[in-house]
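The values are calculated or read from the model by the stated rules, or taken from the named source; none is laboratory data. Values in this document were obtained by computation on a predicted structure and should not be read as measured data. Note that each Cβ is placed from the backbone with ideal geometry, even for glycine, and that neighbours are counted across all protein chains shown. SASA here: full protein model, heavy atoms, side chains in, ligands and nucleic acids out. Shrake-Rupley method; radii C 1.70, N 1.55, O 1.52, S 1.80 Å.
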Amino acid sequence: MSPSATAAPPVSGRIGLFGGTFDPPHIGHLLTGQSIAERRKLDQIWYVVANDPWQKSGDRSVTPAAIRLAMVQETCFWSRHPEFESRACDIEIRAGGPSYTADTLRSLSSVHRDAEFEVIVGSDAAAQLHTWQDSDWLSEHATFVVVQRGGQPAQAAPGFRVCAVEAPLLEVSSTEIRARTRRGLPITHMVPGPVAAVIEAHNLYREAS
Ligand code: ATP
Ligand code: MG
(Lines give C-alpha, C1' and ligand atoms only; values in the text may rest on other atoms or scores of the structure.)
(Ligands and ions follow the chains in the order given, each with its own letter.)
Protein backbone atom coordinates (compact mmCIF):
# COMPACT_ATOMS: atom_id res chain seq x y z
CA MET A 1 0.00 0.00 0.00
CA SER A 2 1.38 3.46 -0.81
CA PRO A 3 1.82 5.91 2.06
CA SER A 4 -0.99 8.31 2.74
CA ALA A 5 -0.11 11.69 1.31
CA THR A 6 -1.65 13.49 4.26
CA ALA A 7 0.30 11.77 6.99
CA ALA A 8 3.41 13.33 8.51
CA PRO A 9 6.30 13.77 7.99
CA PRO A 10 6.14 16.88 5.85
CA VAL A 11 7.51 16.44 2.35
CA SER A 12 9.30 18.84 0.05
CA GLY A 13 9.63 19.06 -3.71
CA ARG A 14 7.29 19.72 -6.60
CA ILE A 15 3.92 18.08 -6.18
CA GLY A 16 0.99 17.94 -8.60
CA LEU A 17 -2.46 17.69 -7.03
CA PHE A 18 -4.78 15.67 -9.24
CA GLY A 19 -8.27 15.82 -7.80
CA GLY A 20 -11.19 13.64 -8.75
CA THR A 21 -13.97 11.36 -7.68
CA PHE A 22 -12.03 8.32 -8.91
CA ASP A 23 -15.11 6.12 -9.06
CA PRO A 24 -13.12 4.17 -10.21
CA PRO A 25 -9.56 5.37 -11.01
CA HIS A 26 -8.45 4.28 -14.49
CA ILE A 27 -5.54 4.31 -16.91
CA GLY A 28 -6.60 7.73 -18.29
CA HIS A 29 -5.84 9.22 -14.88
CA LEU A 30 -2.48 7.45 -14.73
CA LEU A 31 -1.32 8.48 -18.19
CA THR A 32 -2.36 12.07 -17.58
CA GLY A 33 -0.50 12.04 -14.26
CA GLN A 34 2.60 10.71 -16.00
CA SER A 35 2.49 13.30 -18.80
CA ILE A 36 2.15 16.13 -16.32
CA ALA A 37 4.84 14.82 -13.98
CA GLU A 38 7.26 14.58 -16.91
CA ARG A 39 6.44 17.93 -18.48
CA ARG A 40 6.27 19.90 -15.21
CA LYS A 41 9.23 18.03 -13.70
CA LEU A 42 7.22 17.01 -10.67
CA ASP A 43 8.57 14.79 -7.91
CA GLN A 44 5.16 13.50 -6.92
CA ILE A 45 1.58 13.26 -8.10
CA TRP A 46 -1.04 13.16 -5.36
CA TYR A 47 -4.42 11.84 -6.40
CA VAL A 48 -6.75 13.80 -4.13
CA VAL A 49 -9.89 11.76 -3.55
CA ALA A 50 -12.98 13.95 -3.21
CA ASN A 51 -15.12 13.23 -0.18
CA ASP A 52 -18.39 14.68 -1.30
CA PRO A 53 -18.23 15.57 -4.97
CA TRP A 54 -20.74 18.41 -4.78
CA GLN A 55 -21.01 18.78 -8.57
CA LYS A 56 -21.85 15.10 -9.00
CA SER A 57 -23.48 13.70 -5.89
CA GLY A 58 -26.96 14.77 -6.92
CA ASP A 59 -26.87 12.76 -10.15
CA ARG A 60 -25.97 9.26 -9.04
CA SER A 61 -24.95 7.32 -5.97
CA VAL A 62 -21.21 7.76 -5.49
CA THR A 63 -19.21 4.85 -4.05
CA PRO A 64 -18.24 5.40 -0.38
CA ALA A 65 -15.10 7.50 -0.07
CA ALA A 66 -13.19 4.80 1.81
CA ILE A 67 -13.59 2.38 -1.10
CA ARG A 68 -12.64 5.00 -3.69
CA LEU A 69 -9.57 5.83 -1.59
CA ALA A 70 -8.64 2.14 -1.41
CA MET A 71 -8.89 1.89 -5.20
CA VAL A 72 -6.61 4.92 -5.64
CA GLN A 73 -4.12 3.48 -3.14
CA GLU A 74 -4.07 0.22 -5.10
CA THR A 75 -3.59 2.19 -8.32
CA CYS A 76 -0.62 4.10 -6.92
CA PHE A 77 1.02 0.96 -5.60
CA TRP A 78 0.43 -0.88 -8.88
CA SER A 79 1.77 1.95 -11.05
CA ARG A 80 5.07 2.64 -9.32
CA HIS A 81 7.14 4.77 -11.66
CA PRO A 82 10.93 5.14 -11.63
CA GLU A 83 10.94 8.93 -11.89
CA PHE A 84 8.12 10.21 -9.72
CA GLU A 85 6.02 8.98 -6.85
CA SER A 86 2.24 8.63 -6.89
CA ARG A 87 0.25 8.86 -3.69
CA ALA A 88 -3.38 8.73 -2.69
CA CYS A 89 -4.33 11.82 -0.72
CA ASP A 90 -7.19 11.52 1.76
CA ILE A 91 -7.21 15.08 3.09
CA GLU A 92 -10.66 15.90 1.68
CA ILE A 93 -12.12 12.70 3.12
CA ARG A 94 -10.66 13.50 6.53
CA ALA A 95 -12.04 17.03 6.33
CA GLY A 96 -15.51 15.70 5.49
CA GLY A 97 -18.27 17.62 3.76
CA PRO A 98 -17.95 19.22 0.36
CA SER A 99 -14.46 19.59 -1.08
CA TYR A 100 -13.02 22.94 -2.08
CA THR A 101 -9.61 23.22 -3.70
CA ALA A 102 -8.73 26.39 -1.77
CA ASP A 103 -9.25 24.62 1.59
CA THR A 104 -7.25 21.60 0.42
CA LEU A 105 -4.37 23.72 -0.84
CA ARG A 106 -4.26 25.83 2.34
CA SER A 107 -4.23 22.74 4.57
CA LEU A 108 -1.59 20.91 2.57
CA SER A 109 0.64 24.00 2.30
CA SER A 110 0.49 24.52 6.06
CA VAL A 111 1.70 20.96 6.73
CA HIS A 112 4.16 20.63 3.83
CA ARG A 113 5.76 24.07 4.03
CA ASP A 114 8.69 23.26 1.73
CA ALA A 115 6.55 21.70 -0.99
CA GLU A 116 5.53 23.52 -4.16
CA PHE A 117 2.03 22.47 -5.15
CA GLU A 118 0.51 22.72 -8.61
CA VAL A 119 -3.18 22.05 -9.08
CA ILE A 120 -4.03 19.95 -12.13
CA VAL A 121 -7.27 20.81 -13.92
CA GLY A 122 -8.89 20.01 -17.25
CA SER A 123 -9.34 22.83 -19.75
CA ASP A 124 -13.10 22.86 -19.08
CA ALA A 125 -12.46 23.52 -15.38
CA ALA A 126 -9.75 26.09 -16.19
CA ALA A 127 -12.26 28.33 -17.93
CA GLN A 128 -14.43 28.32 -14.78
CA LEU A 129 -11.80 29.05 -12.11
CA HIS A 130 -13.39 32.41 -11.30
CA THR A 131 -16.52 30.55 -10.08
CA TRP A 132 -14.59 28.41 -7.57
CA GLN A 133 -14.87 28.91 -3.82
CA ASP A 134 -12.28 31.52 -2.65
CA SER A 135 -11.30 32.32 -6.23
CA ASP A 136 -9.50 35.51 -5.14
CA TRP A 137 -7.27 33.55 -2.79
CA LEU A 138 -6.66 30.95 -5.50
CA SER A 139 -5.73 33.58 -8.07
CA GLU A 140 -3.10 34.89 -5.68
CA HIS A 141 -1.69 31.65 -4.26
CA ALA A 142 -2.32 28.74 -6.62
CA THR A 143 -0.53 27.56 -9.74
CA PHE A 144 -2.75 25.58 -12.07
CA VAL A 145 -1.64 23.06 -14.66
CA VAL A 146 -4.21 22.94 -17.42
CA VAL A 147 -4.38 19.69 -19.30
CA GLN A 148 -4.82 20.30 -23.01
CA ARG A 149 -5.84 17.61 -25.41
CA GLY A 150 -5.77 17.45 -29.18
CA GLY A 151 -4.03 20.83 -29.56
CA GLN A 152 -7.08 22.76 -28.29
CA PRO A 153 -5.82 26.04 -26.79
CA ALA A 154 -6.34 26.26 -23.02
CA GLN A 155 -8.93 28.94 -22.21
CA ALA A 156 -8.12 29.83 -18.62
CA ALA A 157 -10.08 32.41 -16.66
CA PRO A 158 -8.05 35.65 -16.60
CA GLY A 159 -6.04 36.52 -13.47
CA PHE A 160 -4.94 33.00 -12.58
CA ARG A 161 -1.42 31.57 -12.70
CA VAL A 162 -1.74 28.85 -15.30
CA CYS A 163 0.58 26.63 -17.33
CA ALA A 164 -0.74 24.48 -20.14
CA VAL A 165 0.48 20.94 -20.65
CA GLU A 166 -0.29 18.77 -23.63
CA ALA A 167 -1.45 15.27 -22.70
CA PRO A 168 -2.57 12.37 -24.87
CA LEU A 169 -6.26 11.86 -25.43
CA LEU A 170 -7.37 8.51 -24.11
CA GLU A 171 -11.06 7.82 -24.48
CA VAL A 172 -11.70 6.14 -21.17
CA SER A 173 -13.84 7.42 -18.32
CA SER A 174 -15.14 6.16 -15.00
CA THR A 175 -18.64 6.52 -16.45
CA GLU A 176 -17.81 4.07 -19.21
CA ILE A 177 -16.22 1.63 -16.76
CA ARG A 178 -19.30 1.74 -14.52
CA ALA A 179 -21.55 1.19 -17.54
CA ARG A 180 -19.49 -1.75 -18.80
CA THR A 181 -19.49 -3.35 -15.35
CA ARG A 182 -23.25 -2.96 -15.11
CA ARG A 183 -23.62 -4.69 -18.48
CA GLY A 184 -21.23 -7.50 -17.47
CA LEU A 185 -18.53 -6.45 -19.98
CA PRO A 186 -14.84 -6.78 -19.08
CA ILE A 187 -12.90 -3.75 -17.86
CA THR A 188 -9.52 -5.46 -18.13
CA HIS A 189 -6.98 -3.00 -19.63
CA MET A 190 -9.04 -0.02 -18.46
CA VAL A 191 -8.19 -0.24 -14.75
CA PRO A 192 -5.26 -1.80 -12.87
CA GLY A 193 -5.95 -5.44 -11.92
CA PRO A 194 -6.17 -4.66 -8.18
CA VAL A 195 -8.85 -2.04 -8.89
CA ALA A 196 -10.89 -4.59 -10.84
CA ALA A 197 -10.54 -6.87 -7.82
CA VAL A 198 -11.92 -4.19 -5.46
CA ILE A 199 -14.84 -3.56 -7.85
CA GLU A 200 -15.62 -7.25 -7.85
CA ALA A 201 -15.17 -7.74 -4.11
CA HIS A 202 -17.59 -4.90 -3.30
CA ASN A 203 -19.91 -5.72 -6.19
CA LEU A 204 -19.66 -2.10 -7.36
CA TYR A 205 -21.55 -0.59 -10.31
CA ARG A 206 -23.90 -3.53 -10.77
CA GLU A 207 -27.04 -1.54 -10.16
CA ALA A 208 -28.22 1.29 -12.42
CA SER A 209 -28.18 4.46 -10.31
P1 ATP B 1 -16.72 10.32 -14.57
O2 ATP B 1 -16.89 9.63 -15.88
O3 ATP B 1 -17.46 9.70 -13.43
O4 ATP B 1 -16.90 11.82 -14.67
P5 ATP B 1 -13.88 10.54 -14.89
O6 ATP B 1 -13.34 9.41 -15.71
O7 ATP B 1 -14.06 11.86 -15.60
O8 ATP B 1 -15.20 10.11 -14.15
P9 ATP B 1 -12.99 11.85 -12.54
O10 ATP B 1 -12.73 11.21 -11.23
O11 ATP B 1 -14.23 12.65 -12.71
O12 ATP B 1 -12.94 10.69 -13.65
O13 ATP B 1 -11.76 12.66 -13.05
C14 ATP B 1 -10.77 13.23 -12.29
C15 ATP B 1 -9.92 14.03 -13.25
O16 ATP B 1 -9.39 13.17 -14.27
C17 ATP B 1 -10.69 15.12 -13.98
O18 ATP B 1 -9.88 16.28 -14.03
C19 ATP B 1 -10.89 14.56 -15.37
O20 ATP B 1 -10.94 15.57 -16.36
C21 ATP B 1 -9.64 13.71 -15.54
N22 ATP B 1 -9.85 12.61 -16.49
C23 ATP B 1 -10.89 11.79 -16.56
N24 ATP B 1 -10.78 10.91 -17.57
C25 ATP B 1 -9.59 11.17 -18.15
C26 ATP B 1 -8.89 10.60 -19.28
N27 ATP B 1 -9.38 9.60 -20.01
N28 ATP B 1 -7.69 11.11 -19.58
C29 ATP B 1 -7.21 12.12 -18.84
N30 ATP B 1 -7.80 12.71 -17.79
C31 ATP B 1 -8.99 12.25 -17.44
MG1 MG C 1 -15.35 13.35 -15.14
Checklist entry - What number of residues within the stretch 12-28 are more than 10 Å from ligand 2 (Cβ to nearest atom) and assigned to a helix (DSSP H, G or I)? => result 1
Item to check | Close pairs from the stretch 152-172: first under 18 Å from PHE117 (Cα atoms), partner open to solvent by less than 60 Å² (accessible area, probe 1.4 Å) and assigned to a loop (DSSP other than H, G, I, E, B), Cβ under 6 Å, at least 6 apart | outcome: VAL162/ALA156; ALA164/ALA154
Next on the checklist: Given (1) open to solvent by less than 10 Å² (accessible area, probe 1.4 Å); (2) under 13 Å from ALA167 (Cβ atoms); (3) of a type in the set (A, V, I, L, M, F, W, C); (4) modelled with pLDDT of 95 or more, identify the lone condition not met by PHE144.
Outcome noted: (2)
Checklist entry - Counting only residues that are within 30 Å of TRP137 (Cα to Cα) and either under 19 Å from the mean Cα position of the chain (by Cα) or not hydrophobic (A, V, I, L, M, F, W, C) (or both), how many does the stretch 157-184 have? => result 9
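Answer yes if at least one residue in the stretch 39-51 is at pLDDT 95 or above, touching a Gly at 6+ places or on another chain (Cβ under 6 Å) and in a loop (DSSP other than H, G, I, E, B), and no otherwise. Please lay out each step first, then the result.
Of the stretch 39-51, the ones at pLDDT 95 or above are 39-49.
Okay, now just the ones that are also touching a Gly at 6+ places or on another chain (Cβ under 6 Å), so 42-43, 45, 48.
Add one more test, that the residue is in a loop (DSSP other than H, G, I, E, B), and what stays is 42-43.
Checked against the condition, which is being at pLDDT 95 or above, touching a Gly at 6+ places or on another chain (Cβ under 6 Å) and in a loop (DSSP other than H, G, I, E, B), the stretch 39-51 yields at least one hit.
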Checklist entry - Would it be correct to say that ILE199 is within 19 Å of the chain's Cα centre (by Cα), more than 10 Å from ligand 1 (Cβ to nearest atom) and open to solvent by less than 30 Å² (accessible area, probe 1.4 Å)? => result yes
Checklist entry - What single numbered condition from (1) open to solvent by 50 Å² or more (accessible area, probe 1.4 Å); (2) at pLDDT 95 or above fails to hold for ALA70? => result (1)
Item to check | Qualifying positions in the stretch 92-101 - on the phi < 0 side of the Ramachandran plot and either over 15 Å from the mean Cα position of the chain (by Cα) or crowded, with 21+ Cβ neighbours inside 10 Å (or both) | outcome: GLU92, ARG94, ALA95, PRO98, SER99, THR101
Next on the checklist: Checking TYR205 against (1) more than 16 Å from ligand 2 (Cβ to nearest atom); (2) over 30 Å from ALA127 (Cβ atoms), only one condition comes out false. Which one?
Outcome noted: (1)
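Just need a number here: residues in the stretch 173-204 that are in a loop (DSSP other than H, G, I, E, B) and without any contact (Cβ under 8 Å) to a residue 60 or more places away in the chain.
The number of residues fulfilling the criteria is 6.
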Checklist entry - So which pairs qualify, if the first residue must be in the stretch 114-133 and open to solvent by less than 20 Å² (accessible area, probe 1.4 Å) and part of a helix (DSSP H, G or I), the second must be modelled with pLDDT under 90 and of a type in the set (A, V, I, L, M, F, W, C), the Cβ gap must be under 9 Å, and the two must be at least 6 apart or on different chains? => result ALA126/ALA154; ALA126/ALA156; ALA126/ALA157; LEU129/ALA156; LEU129/ALA157
Checklist outcome for this item: Matching residues in the stretch 159-189 (open to solvent by 30 Å² or more (accessible area, probe 1.4 Å), of a type in the set (A, V, I, L, M, F, W, C) and within 11 Å of ligand 1 (Cβ to nearest atom)) number 2
